[in-house]
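Below is one structure; the comments refer to it alone.
The values are calculated or read from the model by the stated rules, or taken from the named source; none is laboratory data. Everything numeric here is computed off the predicted structure, so don't read it as measured data. Cβ: placed from backbone, ideal geometry, glycine included. Neighbour counts: every protein chain shown.
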Amino acid sequence: MRKQITDTLADLIRFKSYLEEEKADIIRYVVDYLSPLNLKVTEYGDDSSPAILVEYGEGGVVFAGHLDTCPIGEFWTYTQAQTEDGKMYGRGAADMKGSATAMLNAAGELVKREIPFAIALTTDEETTMRGASSLCRAKAIRNAPAIVIGEPTNLNVGYAEKGLMFLQIETFGKAAHGAMPHLGENAILKMMKVLRTLETFKDTVQHPQLGGVSINIGTISGGEKVNVVADKCTAMIDVRFPPPHTVKSIYEALSRHMHTAKKHFVLNKMFELPAIEIDPKSEVITGTVEIAKTELVGLKYTSELVKYYEVNRNVVLFGCGDEEVSHHVNEYVKLEDVLKASEVYKKIAARFAPK
């Protein structure tokens, strides 16, 4: 079984599944992998975000995940799918091709034991999450006794995750010759003032697992030429916030604080997802904790949980891999943890199977 897991994970990692034209191939691999089991396969999404739902029987647990990754990047010490000291390295190893491998590995035994289940896989979690939104139309998703989302939790049970909001800040000035900046108004200098003010934002909300609000200045651009006073500057901000904050409350708090800079700017919400906290006493959470024999954790990232939660509250986060190595150079997952995740998935499917 360990060799099968190693081979499958290596195959998945070798698919560069972040460009649109690459996504259909990894979906086809999964369909071919499961074809000997004669499962029902339904395609969802579109050409830019293909997704599939693979079902055995009715009324079983849904194991949900994504096959897309962020770009590989540079400066890796290891080659893609290289194995060393019980770890496999590669983009997506932790987030979350390790858990996807565990789900695929569990499928054969669940069929043999005649335990109903479904596997829902998307290819656009890192971007739009349209695939998950499309899958939410499925009866198997809406009526599932449990939806297990295989994001990297380090084999802990995740019950809460931060919300996110991408903000665009624009400042405007007046163009002039670079040799006579006093005749213009520099939009970049205005932006610097706004961003310095943003850095001083303090929030009283502190979640016991997730902590407080985090703010990352992701990109900034302004000006046309070095010898022209910049008349426009744009910055993109990544905000992550814990419950009980809402998108509305955190937006208003940030906007009020930024206006203390006393510089004119335009603030636009570009993308938003709410923070989620599942009742830790829910049957799915307590049952998963009992099976996995581990602890409850909150996760600082945002996942497709937010989409499935809209139509079914029986959700839990559980997967192999460490969230702190996700998207990093030399991302890896422990092969032993992939095997452990697969065993837990089998037990969850049996625990919540229809009677």
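Which ones in the range 39-71 are modelled with pLDDT of 95 or more and either out of contact with any strand residue (DSSP E or B) (no Cβ under 8 Å at 6 or more places or on another chain) or aromatic (Phe, Trp, Tyr) (or both)? Quick ask: steps written out before the conclusion?
Initially, the range 39-71 is screened for residues modelled with pLDDT of 95 or more, giving 39-44, 50-69.
44, 56, 58, 59, 63, 69 - these are the residues of the range 39-71 that are modelled with pLDDT of 95 or more and either out of contact with any strand residue (DSSP E or B) (no Cβ under 8 Å at 6 or more places or on another chain) or aromatic (Phe, Trp, Tyr) (or both).
Could you pull out the residue among 281, 334, 346, 307 that is under 25 Å from residue 115 (Cβ atoms), of a type in the set (Lys, Arg), at pLDDT 95 or above and assigned by TED's automatic domain parsing to the domain that holds residue 61?
Values: 281 fails: under 25 Å from residue 115 (Cβ atoms); 334 fails: under 25 Å from residue 115 (Cβ atoms); 307 fails: under 25 Å from residue 115 (Cβ atoms).
Residue meeting the stated conditions: 346.
Of 90, 57, 98, which residue is over 19 Å from residue 330 (Cα atoms) and either in contact with a Ser or Thr (Cβ under 7 Å, 6 or more places away or on another chain) or in contact (Cβ under 8 Å) with a residue 12 or more places away in the chain (or both)? Break it down into steps so the answer makes sense when it comes.
Numbers: 90 fails: over 19 Å from residue 330 (Cα atoms); 98 fails: over 19 Å from residue 330 (Cα atoms).
Only one candidate passes the filter, namely 57.
Under 6 Å between Cβ atoms, at least 6 apart or on separate chains: pull out the pairs that start in the range 189-205 with a residue that is under 13 Å from residue 265 (Cβ atoms) and end on any residue that is outside any helix (DSSP H, G or I) and of a type in the set (Ser, Thr, Tyr).
190/171; 191/171
Might you let me know whether the range 117-136 holds any residue that is in contact with a Cys (Cβ under 6 Å, 6 or more places away or on another chain) and either not hydroxyl-bearing (Ser, Thr, Tyr) or not assigned by TED's automatic domain parsing to the domain that holds residue 243 (or both)?
Step one: of the range 117-136, the residues in contact with a Cys (Cβ under 6 Å, 6 or more places away or on another chain) are 126.
Those left that are additionally either not hydroxyl-bearing (Ser, Thr, Tyr) or not assigned by TED's automatic domain parsing to the domain that holds residue 243 (or both): 126.
For the range 117-136, residues in contact with a Cys (Cβ under 6 Å, 6 or more places away or on another chain) and either not hydroxyl-bearing (Ser, Thr, Tyr) or not assigned by TED's automatic domain parsing to the domain that holds residue 243 (or both): present.
So which of 174, 97, 139, 112 is out of contact with any Pro (no Cβ under 8 Å at 6 or more places or on another chain), outside the structural domain of residue 41 (by TED's automatic domain parsing) and at pLDDT 95 or above? Quick ask: steps written out before the conclusion?
Working: 97 fails: outside the structural domain of residue 41 (by TED's automatic domain parsing); 139 fails: outside the structural domain of residue 41 (by TED's automatic domain parsing); 112 fails: outside the structural domain of residue 41 (by TED's automatic domain parsing).
From the options 174, 97, 139, 112, the qualifying one is 174.
Go through 316, 329, 297 for me and flag whichever is at pLDDT 95 or above, buried (at least 22 other Cβ atoms within 10 Å of the Cβ) and in the same structural domain as residue 72 (by TED's automatic domain parsing).
Only one candidate qualifies: 316.
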